[in-house]
Amino acid sequence: MSLLAMGFLLVILQPSTGQFPRACANTQSLLRKECCPPWDGDGSPCGELSSRGSCQNILLSQAPLGPQFPFSGVDDREDWPSIFYNRTCKCEGNFMGFNCGECKFGFSGPNCTERRLRTRRNIFQLTTSEKDKFLAYLNLAKNTPSQDYVIATGTYTQMNNGSNPMFRNINVYDLFVWMHYYASRDTLLGGSNVWRDIDFAHEAPGFLPWHRVFLLMWEREIQKITGDENFTIPYWDWRDAEDCVVCTDEYMGGRHPTNPNLLSPASFFSSWQVICTRSEEYNSQQALCNATNEGPILRNPGNNDKSRTPRLPSSAEVEFCLSLTQYESGSMDKMANYSFRNTLEGFADPRTAISNISQSGLHNALHIYMNGSMSQVQGSANDPIFVLHHAFVDSIFERWLRRHRPVLEVYPAANAPIGHNRENYMVPFIPLYRNGEFFKPSRELGYDYEYLQEPALDSFQEFLIPYLEQARQIWAWLVGAAVIGGIITAVLTGLILACRKKRRGTYSEIQPLLTESEDYNNISYQSNF
């Protein structure tokens, strides 16, 4: 894309969706614990005058949590977002947003009544101009300040319980990097103490719905700042790949000629600065990431620890994962066995579905393989390969939903790790989204995947798969039932034939012989069955 076009795009500033609405990042809102900004369309809070929504108390889930987090009242993310706000906009119908000024995913139009379905495509199926446009959009997001959102640079306690707000501006791309960090950061316990076994976006049932929302929001922000309503995130199908085929200057940046840990200077990603990568430093200071630049993107694909991740995932491993019928199981964390979520996330062996945290499979394997910024959870979204990777992971989640057609109740309602129950609000999103709201097919959320738009025959076969899988699991009972049924049928047949023979003998004794052909032809036999 030409510099002139890039310059034009950089002046197009649109609202951004993310964490703390700028309109609520002030002393008054924090002390009142209320985030109900006015909608520009009519000037009323939540667009109430236009029946878009109203300011209401937040209803928090009371379902019990798992044992992984043995504290209460020490982390701002507990019962999100009640530490900061206990009243927010509740939008009506298909309206959505922190002020009900947007449409729900999959809807458009002035009244949000028009259905819209967009298609995410393989990055290698994009034309050169489409691919270059995608790369330009990424760079635009990195250089466009978020107009509607800011990030928190201190905890609620450090803000003196709201009387001393601590927020900072951030660009659109880094806003999402910060959100990923904030959801997965450690709990600060005071002094030098932290609790590491906590994550509101990983290692539990919410992993897939959380990243689904994350991508939908990220996709919408690109649509806004570019004015391109048809934009969708491309995906990288990494099944059976022998190396990082997107790691070229034509795509996501090649290898530096003299330093294998850096990106090629021919890629504009080489000039990007990362944020939120120094978790140990934040922990020692009992501080939050404040989005200060921390150096260039690091990436050295394939030079990772081979004993942990010997190669990129295979098609066979993905297919095995898709065959698992349980979305979640057991402890519902990274120790869960036979869990589709845990196997896809990569904490269970993709050949057996048995938990093995010494190995990294499927989703985790890709992160480890990149051997750099992508390999550290809290800062992994700094590398733009992150969105390509998670779009494909989401497509695998979508395939599982279409194959097994789970009801909402399949998603755990209680006893999941903190933040991961069905009715919990996802950290750190405002507007609020519950985990269970995104445990549904992507078409209901307004998007599809190019490679999942199969011919009718393949779709019919996909429809049959769950039933064939159930038949496979009970085949021994079916065979046994067939054998017993055959024996019973044989016995009944023998008894019936014996009875018929006896009746035929009696009948011949009392009836005259029929010798005339016309009489013979007029006989009708009626079965006694």
Length gained if E450 through E409 is fully extended, taking 0.36 nm per residue and subtracting the Cα-Cα distance, is 11.9 nm
Over all distinct alpha-carbon pairs, what is the Kirkwood Rh of the range 243-398 in angstrom? 16.6
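With charges set only on the Cβ (+1 for Lys and Arg, -1 for Asp and Glu), what does the dipole of the range 197-279 come to about its Cα centre, in debye to the nearest 20? Present the calculation step by step, with values, prior to reporting the outcome.
Details: 6 positive and 13 negative charges, 58 e Å.
With only Lys, Arg, Asp and Glu charged at Cβ, the dipole is about 280 debye.
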Give, rounded to the nearest 20 debye, the magnitude of the charge dipole that the range 404-448 has about its Cα centre when Lys and Arg contribute +1 at Cβ and Asp and Glu contribute -1 at Cβ. 40
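As an exercise, identify the chymotrypsin sites (Phe, Trp or Tyr not before Pro) in the range 293-352 lying in DSSP coil whose Cβ has no more than 13 other Cβ atoms within 10 Å. Display every interim value, and only then the final one.
Numbers: sites: F320, Y327, Y338, F340, F347; in loops: Y327, Y338, F347.
Sites meeting the loop and neighbour criteria: none at all.
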Within the range 182-214: backbone nitrogen closer than 13 Å to the D305 label point (7 Å, Cα to C-beta): none
Classify the range 203-322 as rounded, prolate or oblate, taking a ≥ b ≥ c as the square roots of the eigenvalues of its Cα gyration tensor: rounded when a/c is under 1.5, otherwise prolate if a/b is larger than b/c and oblate if not. rounded
Between the DSSP loop rule and a limit of at most 10 other Cβ atoms within 10 Å, which GluC sites (Glu not before Pro) in the range 193-279 are left? E242
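Express the Stokes-Einstein translational diffusion coefficient of the range 43-156 in µm² s⁻¹, to the nearest whole number, given a Kirkwood radius over alpha-carbon pairs, 10 °C and a viscosity of 1.306 mPa s. It would help to have the intermediate numbers written out before the result.
Details: Rh = 18.3 Å.
Roughly 87 µm²/s, to the nearest whole number.
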Note the full-extension length gain between T157 and L59 as 0.36 nm times their separation in residues minus their Cα-Cα distance, in nm to one decimal. 33.0 nm
Counting only DSSP loop positions in the range 139-246, the trypsin sites (Lys or Arg not before Pro) whose Cβ has at most 10 other Cβ atoms within 10 Å are R196
Please tell me the relative contact order of the range 223-292 in percent, rounded to the nearest whole number, where contacts are Cα pairs under 8 Å and at least six residues apart. 15
Throw me the Rg/Rh for the range 331-397, computed over C-alpha atoms with Kirkwood Rh, two decimals. 0.98
Does anything in the range 27-55 have its amide N under 16 Å from the 7 Å Cα→Cβ label point of K440, and if so which residues? none
Scaled by the rule-of-thumb 2.2 N^0.38 Å, the alpha carbon Rg for the range 172-237 gives a ratio of 1.42
Quick one: Debye curve from the alpha-carbon atoms of the range 217-266 only, equal weights, vacuum; give me log10 I(q)/I(0) at q = 0.19 Å⁻¹ to two decimals. -0.80
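Taking R0 as 22 Å, what's the FRET efficiency between S129 and T248 from their Cβ-Cβ distance, rounded to 0.05?
Numbers: r = 17 Å, r/R0 = 0.79.
My answer for the efficiency is 0.80.
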Taking a ≥ b ≥ c as the square roots of the Cα gyration tensor eigenvalues, with a/c under 1.5 meaning rounded and otherwise prolate when a/b beats b/c, else oblate, which class fits the range 94-155? oblate
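Shape of the range 372-422 from its Cα gyration tensor (a ≥ b ≥ c, root eigenvalues): rounded if a/c is under 1.5, otherwise prolate when a/b > b/c, or oblate? All intermediate terms of the calculation are to be shown ahead of the outcome.
On the way: a/c = 4.57, a/b = 1.51, b/c = 3.03.
Cα axes put the range 372-422 in the oblate bin.
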Sequence gap at least 6, Cα distance under 8 Å: using those rules, report the relative contact order of the range 256-405 to the nearest whole percent. 21
Within 13 Å, Cβ to Cβ, of A365, how many net charges do the neighbouring residues add up to if Lys/Arg are +1 and Asp/Glu are -1? 0
With the crude spin-label approximation of a point 7 Å out along Cα→Cβ, what separation in nm comes out for R115 versus E280? 5.4
Give the Debye-formula value of log10 I(q)/I(0) at each listed q (0.13, 0.25, 0.29 Å⁻¹), with one equal scatterer per alpha carbon of the range 45-110, two decimals each. -0.50, -1.03, -1.22
Cross-link pairs beyond the 28 Å C-alpha cut-off, checked among K33/K142; K90/K334; K104/K142; K90/K133; K104/K334; K90/K440: K33/K142; K90/K334; K90/K133; K104/K334
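Just so you know, all these numbers are worked out from the coordinates, no wet-lab data involved. Predicted model, so just to flag it, every value in this text is computed and none were measured. A quick note on method: Cβ atoms are made from the backbone with ideal geometry, for glycine too, and the neighbour counts reach across all protein chains shown.
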